[in-house]
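Just below is one structure, and these are the notes that go with it.
A short reminder: the numbers here are calculations on the coordinates, not readings from a lab. From a predicted model like this one, the values you see are computed outputs, not experimental measurements. Using ideal geometry, Cβ is built from the backbone for each residue, glycine included, and neighbour counts are taken over all protein chains shown.
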Amino acid sequence: MKEAFIYDAIRSPRTKAKDSGGLHDLTPQELLKQLYEHLRQRTDLNPDLIGEIILGCVTQHGEQAGNIAKTSALYAGLPSHIGGMTVSRFCSSGIDAISLAALKIGAGHEQAVIAGGVEMMSRVPMLSDKARAFIDPAFAAQCQMLMMGSGADLIASLYDVSRGQADAIALQSQQRAARARDEGYFASIVPLQNPDKNLTVTRDECIRGDMTIEQLAGLPAAFAELGTKGVDQAQLAGHPQLEAISHIHTAGNSPAMCDGAAVLLIGDAALANTLGRKPRGRILGAATASTDPLQVLTGCVSATERLLQEQGIGADQVDLFELHEAFAATTIKAQRDLGISEDKLNVNGGVIALGHPMGATGAMMAGTLLDELERRELRTGVVAASGAAGSGSALLIETV
């Protein structure tokens, strides 16, 4: 098997999933076209070398339907020989796109693959595809498919996570993200043009660095009412050791919905000579996992555990972790279960502060991790994300 290298990783700013958001006026194809061009200019990549584009996208509906990986390549005017594949493993889709690209490179099927993800949540709202597993209660119960916030509250109940602890995680995420934004740590962001608003979008919009713990404490529980409609009953039946579900998650300690996209150039070792530049990173390993669907969001931890075990290393041997901050309780569970010190985990904030453009998040996190490893002159990092139904994916990368 050949080694797979990361030659560059770029992303859009994350903007609010509202009509007023900086990227809202761009279709997903228009957004990706600009990213493809930035990647070409930054790497001097001849588009004829690209064999495939693989993108994660969760809500493949409307403007995001019809294999957006392929249609965005055609819309951008890229050569017609480039294949396109759109993947969904819920919110870990961007990581799986990178893993699939690495497999194609490793098998010698391609020399260069663009991998990443896209989600324009202001234009294609979450659940607008009307998936039966989420909108038909009887069918959802048969499949054990619960909404993400309900799973987060169950995790809080099982791990005895208090509302105060959850809010503290959210506040730390906001503060770290604000500092990283202001200090220019998010080097993977590229400026994007929104001609409809006459804007050049350069910064993440969802961060609230002025948030206080008192403001967080004043927010109502977001998923308690959903619990009364049979969700609590199903979770308690599956976990009889619990007497009740603790509804601690609010809009403040949950991921923010937003718009965004990210792309990485993945290639083999020979591509370095063709481009006349060294790669930035090497993909050392990948893992996927699925666990208790009632907890919904624990796959990130399970995938990371599997990855570390397969690589024969412990968390103390990894320099930085970029883990999907899918609700505050899941972050606390990850830190406890994996034994990650606070100074290694999501050091520049997570999706509670930055925002969570579902199919793009994993690829964005990979770029953020690579940026920070380079900035600190460190070597190894793990990026991992949870999807729905207990699924999760993880990657181990090192700087070159």
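Compute the orientation-averaged projected area for the stretch 97-253 from the convex hull of its Cα atoms and round it to one decimal in nm². Averaged projected hull area, Cα only: 14.2 nm². Taken one residue at a time, the phi angles of the stretch 160-171 give Karplus couplings (6.51, -1.76, 1.60, θ = phi - 60°) of 6, 8, 7, 4, x, 5, 5, 5, 5, 4, 5, 5 Hz. Gly and Pro are set to x. Lysine pair count for the chain (Cα-Cα distance under 25 Å; residues 8 or more apart in sequence or on different chains): 17. Spacing of the modelled spin labels on Q41 and Y159, each 7 Å from Cα toward Cβ, amounts to 4.2 nm. Computed extension gain for R379 through D337, at 0.36 nm per residue and net of the alpha carbon distance, reaches 12.8 nm.
May I ask you to derive the relative contact order of the chain, considering only C-alpha pairs under 8 Å and at least 6 residues apart, and to give it as an integer percent?
Details: 1003 pairs, mean separation 111.7, N = 400.
Once normalised by length, the contact order is 28 percent.
Rounded to the nearest Hz, the phi-derived 3J(HN,Hα) couplings of the stretch 36-43 under the Karplus curve 6.51 cos²θ - 1.76 cosθ + 1.60 (θ = phi - 60°) are 4, 5, 4, 5, 4, 5, 5, 10, where x marks glycine and proline. Annotation: amide H of A112 within the under-5 Å range of G51, sequence separation 5 or more or interchain, hydrogens built in the peptide plane. Residues whose amide H comes within less than 5 Å of that of G84, counting only those at least five positions distant or on another chain, are I53 (H built at 1.01 Å from N in the peptide plane). With bins 10 Å wide beginning at 0, the percent of Cα pairs of the chain falling in each bin runs 5, 25, 35, 25, 9, 1, 0. The slack in the chain from M1 to R203, taken as 0.36 nm per residue of separation less the alpha-carbon distance, amounts to 68.8 nm.
Modelled this way, with points 7 Å down the Cα-to-C-beta line, the labels at L74 and A272 are 3.7 nm from one another.
Just rank F186, F327, F139, fewest to most, by other beta-carbon atoms within 10 angstrom. Working shown, then result.
On the way: F186 22, F327 33, F139 13.
Ascending number of Cβ neighbours within 10 Å: F139, F186, F327.
Once backbone amide H atoms are built at 1.01 Å from N, S391 has T291, G299 as its partners under 5 Å, excluding neighbours fewer than 5 places away on the same chain. Packing around the peptides 17-24, 289-296, taken as the average count of other Cβ atoms within 10 Å per residue, puts them in this order, highest first: 289-296, 17-24.
Along the stretch 15-27 the Karplus relation, 6.51 cos²θ - 1.76 cosθ + 1.60 evaluated at θ = phi - 60°, assigns HN-Hα couplings of 10, 4, 7, 9, 4, 7, x, x, 9, 3, 6, 8, 6 Hz to successive residues, with x for each Gly and Pro.
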